[in-house]
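To keep things clear, I will list the structure first and then write my remarks on it.
The values are calculated or read from the model by the stated rules, or taken from the named source; none is laboratory data. Computed from a predicted structure; not experimentally measured. Using ideal geometry, Cβ is built from the backbone for each residue, glycine included, and neighbour counts are taken over all protein chains shown. SASA here: full protein model, heavy atoms, side chains in, ligands and nucleic acids out. Shrake-Rupley method; radii C 1.70, N 1.55, O 1.52, S 1.80 Å.
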Amino acid sequence: MQLTVLGCSGSAPGPDLPTSGYLVEVGGTRIALELGGGVFGALQRYCDPFDLDAVLLSHLHLDHCADFSALTTYLRAHPSPPPSRGRLPVFAPSHAPSRLAAAHAASEEELETLCLADTFDFVPLRKGRFAVGPVTVDVAPMRHICEAYAFRISCDGATLVFTGDTVPCPELVELARGADLLLADAAWREQAGRADYLHMSGRESSAVATEAGVGRLVLTHVLPWSDRDGVLADATEAFAGPVELAAPGAVYAVG
């Protein structure tokens, strides 16, 4: 299993730093994990969008799904689509079809006639398990300010867990238990008086990694105004295994 970071900025892009987006590849299976702002352009460096086997969206804040509109345009307007291409499976929160259509349409009139279902097969997320080819995906609801999920992606003994946006919770620890790599929300350093149910700090992410017994911790979704070096230092102090900050273009062999 291979993980490629397409973008990793939290909440808003930074200079040359797209928001959340990752490509997971297992053999010939390719999964787009999040499609935040600026991610679709980066995706094309590594993968023909027509070769995607699935899209996974943990939740529908725009820093995780804004470039779904770019994918929509590409698949619907490309002059030479593969002749045998069917609808692309999209595993996302239940309100994704209406939310993503509204984000794509330029007017109320266009929205009334827009049908994304002719291009995408939307599958609503819930706690449980599904498969994308040889890849198994376990899903658990997380604690964020909207409907949000984390994913455990496994194949041939290799396991990657992506937290999405969440605060620490028992559901995340259980989902991440024994994973080879935990790709974890680490938006900021510890701070007093912050809003509940937004994000983890670097220290909190490392505490989840320690309790779950993961092999490697990669911190992502650091806000562009946060202290990246400080977030990394906090996590390194609290987790005994390898820790690093995600960066666009970084590639990880999982397992």
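Can you tell me which residue within segment 95-153, out of those that are part of a strand (DSSP E or B) and among the basic types (Lys, Arg), is most open to solvent (accessible area, probe 1.4 Å)? Of everything passing the filter in segment 95-153, 129 is most open to solvent (accessible area, probe 1.4 Å).
Close Cβ contacts (under 7 Å, 6 or more residues apart or on different chains) running from residues in segment 61-83 that are under 17 Å from residue 106 (Cβ atoms) to residues that are part of a helix (DSSP H, G or I) and open to solvent by less than 30 Å² (accessible area, probe 1.4 Å) comprise 67/39; 67/40; 68/100; 70/40; 71/40; 71/49; 72/116; 74/49.
If we scan segment 98-108, do we find a residue that is closer than 20 Å to residue 141 by Cα and modelled with pLDDT of 95 or more? Scanning segment 98-108, I find no residue that is closer than 20 Å to residue 141 by Cα and modelled with pLDDT of 95 or more, so the answer is no.
Checking each residue in segment 159-198 for being open to solvent by 10 Å² or more (accessible area, probe 1.4 Å) and either of a type in the set (Ser, Thr, Tyr) or touching a residue at least 60 places away in the same chain (Cβ under 8 Å) (or both) picks out 159, 180, 197. Against the criterion of being surrounded by 14 or more Cβ atoms within 10 Å (Cβ to Cβ), acidic (Asp, Glu) and within 19 Å of residue 219 (Cα to Cα), residue 34 qualifies. Check whether at least one residue in segment 57-68 is farther than 23 Å from residue 5 by Cβ and among the aliphatic types (A, V, I, L, M), and report yes or no. Taking every residue of segment 57-68 in turn, none turns out to be farther than 23 Å from residue 5 by Cβ and among the aliphatic types (A, V, I, L, M).
Within segment 66-83, the set of residues being out of contact with any helix residue (DSSP H, G or I) (no Cβ under 7 Å at 6 or more places or on another chain) and either part of a helix (DSSP H, G or I) or surrounded by 13 or more Cβ atoms within 10 Å (Cβ to Cβ) (or both) comprises 66, 73, 76, 77. Scanning segment 199-237 for residues that are surrounded by fewer than 17 Cβ atoms within 10 Å (Cβ to Cβ) and either over 22 Å from residue 64 (Cβ atoms) or over 18 Å from the mean Cα position of the chain (by Cα) (or both) yields 210, 211, 213, 215, 225, 227, 229, 230, 233, 237. Take segment 84-94 and flag every residue that is modelled with pLDDT of 95 or more and either open to solvent by less than 80 Å² (accessible area, probe 1.4 Å) or closer than 24 Å to residue 17 by Cβ (or both). Scanning segment 84-94 gives 88, 89, 90, 91, 92, 93, 94. At pLDDT 95 or above, charged (D, E, K, R) and out of contact with any helix residue (DSSP H, G or I) (no Cβ under 7 Å at 6 or more places or on another chain), is that true of residue 63? Yes: the conditions hold for residue 63.
Out of curiosity, is residue 35 over 20 Å from residue 93 (Cα atoms) and in contact (Cβ under 8 Å) with a residue 24 or more places away in the chain? Answer is no for this residue.
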